[in-house]
Amino acid sequence: MKLKEELVSKRLILRPLGEDDFAAVHSWAAVPDNVRYMDWGPNSEEDTREFVRSARAGYDFAVTLKANGRVIGSCGIYPTQKETAEVGWILHRDYWKQAFGSELAQALVDYGFRDLKLHRITSTCDAANYGSYRVMENAGMRREAHQLLARWNRVDEKWADQFRYAILAEEYTIMPDGISEGK
């Protein structure tokens, strides 16, 4: 799966995540409340350096504001099997509840079906993470499973339920604020 260099939506630019993004990434990755529902973190500086160094072989994007280039999060689309990928994201808490999550998720889903010609896109989240599963629903995904005690919450140090969401190519409709062609 070959990714574009840049995806552009109404207010965001998704571009490859790189080592220059360390400070921005660490500003959310090291904060327990910001990573409460992630299956990693809170990060040490070395954890964050390793993440931005490796950036999943080109599948991770920095989420930047189109207006000023500020990095407000990261996201990615990760192949899991033939014509199937998983999407995921995290935003700095200062940018929660402003529809940036829905916008970037719609851009990833649009890109996955329109450009990568995927058959299926999935995502998971902690069942207590209302914001994240609403983002999935806003991107057209439907809940397929409620998995009991399926993920370890590192911040709360306990097992937590998980929701699995998915959308098939045949269920997909191009979103009105879909992405541009990028470069």
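The values are calculated or read from the model by the stated rules, or taken from the named source; none is laboratory data. Just so we're clear, the structure is a prediction, and the values are computed from it rather than from any experiment. For neighbour counting, all protein chains shown are included, and Cβ atoms are generated from backbone atoms with ideal geometry for every residue, glycine included.
Take the conditions β-branched (V, I, T) and at pLDDT 95 or above and apply them to I179. Does it pass?
Working: β-branched (V, I, T): yes; at pLDDT 95 or above: no.
Spelling it out, it is not the case that I179 is β-branched (V, I, T) and at pLDDT 95 or above.
Scanning the range 116-152 for residues that are buried (at least 17 other Cβ atoms within 10 Å of the Cβ), in a strand (DSSP E or B) and not charged (D, E, K, R) yields a total of 5.
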